[in-house]
1. Let's test the formula: R0 of 45 Å, r as the Cβ-Cβ distance of Glu75 and Ala210. What FRET efficiency results, to the nearest 0.05?
2. Given a Förster distance of 35 angstrom, what is the FRET efficiency for Phe35 paired with Asp156, based on the Cβ-Cβ distance and rounded to 0.05?
3. Considering only Gly175, Val162, Gly79, whose Cα is most displaced toward the positive end of the charge dipole of the chain, charges sitting on Cβ of Lys, Arg (+1) and Asp, Glu (-1)?
4. Scan the chain and note any complete DSSP helix (H) whose C-alpha atoms cover at least 24 Å along its axis and whose Kyte-Doolittle average is 0.5 or more.
5. 222 nm [θ] for the chain, helices only, -39500 (n - 2.57) per DSSP H run of 4+, per residue, to 500?
6. In Å², and per residue, what accessible area does the chain have when probed at 1.4 Å with the other protein chains present?
7. Eight or more residues apart or on different chains, and alpha-carbon atoms under 29 Å: count the Lys pairs in the chain matching that.
8. Could you work out how much longer the chain between Ala149 and Arg126 gets when fully extended? Use 0.36 nm per residue separation minus the Cα distance between them, nm to one decimal.
Amino acid sequence: MPQSKKAAEGRAANREKRRQQLIDATIDSISRVGFSGTTLERVTKGAKLSHGVVNFYFDSKEELYVQTLGYLAREHYEGWYGSMLQAGPKPADQLLAIIAADFDRTIASPKKLAVWYAFWGQAKYRPNYLKTHSSFDEERYAEILRLCAEITAEGDYPHGDVESIARGVEALVDGLWLSLLLYPKWSDRDRARGDVLTFLALAFPKHFEAPARPQQTLEETSGS
């Protein structure tokens, strides 16, 4: 390999490494102190980089935020899509794989969930956040809708409103992510995944079975 090409590849790799350091530090900062407390100084300090270096990798603080959300969205997309492809040809197995990926520890960690909801809270005022998220999320909904339609046809289920079921899956996952964030004492990833399976068992009883659950106390149920 020519020395000039090797040097160029080295610079590109170093640039990508620095960008990722800044994105990781932004995730950490937003999860701890939110948008209002996150400053470029705090981010560069968390990334162990000099304060001025951020300008070499991002045009502005806003671009850093957009790229951070894009990183989270791509990570989620690659997780569920890759799991779906590896699940085999059966639509029920593919749908289970998507749900499992949604509650994987690398995706549904307290830190990342806090950042997801911080971004969603800003989406009304910053449409580019919603655009970045929707570019990935729309494909996910399309795949869930396709799988629900295939399962309905395969099981000859009497209901025909697969869109309502697909939207229900999406809404349930979003709500359970919020529960994981707000009520960590009684909500965990396994229980959340089981809640989605219970919903699927009600919609598609020939394909899914609700998991057995230990009896909850009133204190656990109330989240106190």
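The values are calculated or read from the model by the stated rules, or taken from the named source; none is laboratory data. Keep in mind it's a predicted model, so treat the numbers as computed, not measured. Neighbour counts are summed over all protein chains in view; Cβ atoms, including those assigned to glycine, are modelled from backbone coordinates with ideal geometry. The accessibility values were calculated without ligands, DNA or RNA, using every heavy atom of the protein model including side chains. Shrake-Rupley method; radii C 1.70, N 1.55, O 1.52, S 1.80 Å.
1. Values: r = 29 Å, r/R0 = 0.65.
Plugging the Cβ-Cβ distance into 1/(1 + (r/R0)^6) gives 0.95.
2. On the way: r = 49 Å, r/R0 = 1.41.
Once rounded, the FRET efficiency stands at 0.10.
3. The Cα lying farthest towards the positive end belongs to Gly79.
4. Working: long enough: 3-37 (45 Å, -0.97); 61-86 (37 Å, -0.70); 127-155 (40 Å, -0.59); 162-182 (30 Å, 1.20).
Membrane-span-like by this rule: 162-182.
5. Numbers: 10 runs with 167 residues, N = 224.
Only helices count here, giving -25000 deg cm²/dmol.
6. Working: 12640 Å² over 224 residues.
Accessible area per residue, the chain: 56 Å².
7. Value for the chain: 27.
8. On the way: separation 23, 0.36 × 23 = 8.28 nm, distance 3.41 nm.
The Ala149-Arg126 span can extend by a further 4.9 nm.
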